[in-house]
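What follows is a single structure, written as structure tokens, with notes after it.
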């Protein structure tokens, strides 16, 4: 898949979106459209503005060869049920792009390498609370104390399996799975539930990851009744009735229902089995709680679903895979047999003389009697004058050559020593272009100078790790931290005056995600640089502690107070004893 397929995917989704909107115009009024009959139903009772919308919808349906019949339309041989989708189904869509890169990520080590690198580096990123003390009118000491308490509570809760709706993974493991989908298919969906009154759920909320393949439009394809479950009411409803009941301006695109302002309203989860119901999950609950997170990096304005970063470089990754496969087959061929068998004009197939009698030379081998007198004739495609024997675990052996046949060894010069260098050159540009990482960091081969290696690490951190972590923070960490904080406030564990006001709630929820410790090539020099940054007010000790050792400066200070006091006490006890022992030895 190449760039033109990505462009086709965008065009395809826009076409589906237009058709879905046109279908809504018909469904909301109980009329239909047929490619053969045109508008099915009486539109004279509608106002001119509504007739104009219906006519425009009919133009769209005609342009994309789509059709729709309302629920009460009787289907007969004369009014067959038409399809209600964009006709060229072979055209790429978002799911096609996601499926290809997801499959290739599992089969291509070169494509999976940068994704795994980013995942492992970003695993268990630390959250640092930043309540806006000026807006909240807190003094620095109170703000620092509230942050320290909240962060310690978060570190305790994030290890709980209660984060998972199925209680199988903790927060770090869920975030790791979500980031994996973020990097490979290009997006992930999260269904969240509140458990404010459930003491068995330590975080107070739970998360359920939804694979992007599961989010599909129930309107895609032929329109027919499909049982569907609404999460809020748990009542089965008819898909066509659901389409009929869509609010004015709402439409469904790629498994997501949008309002007239293109805000996400609900997602549709495809059934696991043929007879299983569809599931409709509203983005917001009746109380206003956001119960669906749609995490993806938008490449272009108006993009509805995620496209993987590496989708634009599939051609290059496939070239690498093809070259490796070719080299492997060539090496295997050399191991089995690396030569050719040739014959001259007097070759004797199976040792049989092609001459019927001395001096009577026939052209070719056809219609010649068997010299042994068996009555069999030698055909033009008779077996050659040698045999091939396969040896278990040892390839093939050519033997029993007869006159006229010759074996010539082939020199295929395999493996090609230039292939690894060629792949290396490709990856030097592919990795930064797709994921912002350096091939040096992905391969973990720091055989250059200190400055070159450190530069590769620093640029990878800026162009890749911090970029993805900030994007993922906005889509996943930040909303989940706010929901968790809401649960703690509801339980009375955390106090946040003014939480019921949106502006103050945002001030309490302000936070940042700190990357795990960056690899250090010279720990002493980098610790000195961190100290200099703190002394010059370019950074703070809490941030530097997390960057260098992954710990908290405040907790380190508190622990060191006790450790230093214990060490001083131990020295007061040990030093007099050592002096006394030393004096006795000297006297002796």
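The values are calculated or read from the model by the stated rules, or taken from the named source; none is laboratory data. All of these numbers come straight from a predicted model, not from anything done at the bench. No Cβ is skipped: glycine too gets one built from the backbone with ideal geometry, and neighbour counts run over all protein chains shown.
Of the residues making up the range 444-492, just one is closer than 16 Å to residue 290 by Cβ and loosely packed, with under 14 Cβ neighbours inside 10 Å, namely 474. Just one of (1) surrounded by 10 or more Cβ atoms within 10 Å (Cβ to Cβ); (2) modelled with pLDDT of 75 or more fails for residue 576. It is (2). When restricted to residues that are in contact with a strand residue (DSSP E or B) (Cβ under 7 Å, 6 or more places away or on another chain) and either at pLDDT 90 or above or assigned to a loop (DSSP other than H, G, I, E, B) (or both), the range 213-224 contains 5. Could you tell me whether any residue of the range 416-437 is outside any helix (DSSP H, G or I), out of contact with any strand residue (DSSP E or B) (no Cβ under 7 Å at 6 or more places or on another chain) and surrounded by 18 or more Cβ atoms within 10 Å (Cβ to Cβ)? Within the range 416-437, one or more residues are outside any helix (DSSP H, G or I), out of contact with any strand residue (DSSP E or B) (no Cβ under 7 Å at 6 or more places or on another chain) and surrounded by 18 or more Cβ atoms within 10 Å (Cβ to Cβ).
For residue 169, the test of being assigned to a helix (DSSP H, G or I) and outside the structural domain of residue 282 (by TED's automatic domain parsing) is failed. Checking each residue in the range 147-177 for being surrounded by 22 or more Cβ atoms within 10 Å (Cβ to Cβ) and under 17 Å from the mean Cα position of the chain (by Cα) picks out 174, 175. Filtered by the rule that a residue be in contact (Cβ under 8 Å) with a residue 60 or more places away in the chain and in a helix (DSSP H, G or I), the range 531-554 gives 542, 543, 546, 554. Note on the range 502-536: residues that are farther than 23 Å from residue 125 by Cα and assigned by TED's automatic domain parsing to the domain that holds residue 458 amount to 4.
With the condition kept exactly as written, say whether any residue in the range 256-263 is exposed (fewer than 12 other Cβ atoms within 10 Å of the Cβ) and modelled with pLDDT under 80. No, the conditions are met nowhere in the range 256-263. All conditions in (1) in a helix (DSSP H, G or I); (2) touching a residue at least 24 places away in the same chain (Cβ under 8 Å); (3) closer than 27 Å to residue 297 by Cβ hold for residue 207, with the sole exception of (1).
Of the residues in the range 310-321, none is within 18 Å of the chain's Cα centre (by Cα), at pLDDT 85 or above, closer than 18 Å to residue 105 by Cβ and surrounded by 20 or more Cβ atoms within 10 Å (Cβ to Cβ).
Within the range 91-146, the only residue that satisfies the criterion of being within 18 Å of the chain's Cα centre (by Cα), assigned to a loop (DSSP other than H, G, I, E, B), modelled with pLDDT of 80 or more and surrounded by 18 or more Cβ atoms within 10 Å (Cβ to Cβ) is 108. Taken as a whole, the condition of being touching a strand residue (DSSP E or B) at 6+ places or on another chain (Cβ under 8 Å), surrounded by 14 or more Cβ atoms within 10 Å (Cβ to Cβ), closer than 17 Å to residue 217 by Cβ and at pLDDT 80 or above does not apply to residue 84.
Looking at the range 271-280 only, could you name the residues that are at pLDDT below 80 and touching a strand residue (DSSP E or B) at 6+ places or on another chain (Cβ under 9 Å)? Answer for the range 271-280, where residues must be at pLDDT below 80 and touching a strand residue (DSSP E or B) at 6+ places or on another chain (Cβ under 9 Å): 271, 275, 276, 277, 278. For residue 69, the test of being at pLDDT 55 or above and either on the phi > 0 side of the Ramachandran plot or out of contact with any strand residue (DSSP E or B) (no Cβ under 6 Å at 6 or more places or on another chain) (or both) is failed.
Results for (1) part of a helix (DSSP H, G or I); (2) at pLDDT below 80; (3) over 26 Å from residue 330 (Cα atoms), shown as yes or no for each residue.
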position: 374; (1), (2), (3): no, yes, yes
position: 385; (1), (2), (3): no, yes, yes
position: 390; (1), (2), (3): no, yes, no
position: 396; (1), (2), (3): no, yes, no
position: 402; (1), (2), (3): no, yes, yes
position: 408; (1), (2), (3): no, yes, no
position: 414; (1), (2), (3): no, yes, no
position: 441; (1), (2), (3): yes, no, yes
position: 453; (1), (2), (3): yes, no, yes
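Here is a yes/no grid of residues against (1) surrounded by fewer than 21 Cβ atoms within 10 Å (Cβ to Cβ); (2) at pLDDT 80 or above:
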| site | (1), (2) |
| --- | --- |
| 25 | no, yes |
| 36 | yes, no |
| 42 | yes, yes |
| 45 | yes, yes |
| 49 | yes, yes |
| 55 | yes, yes |
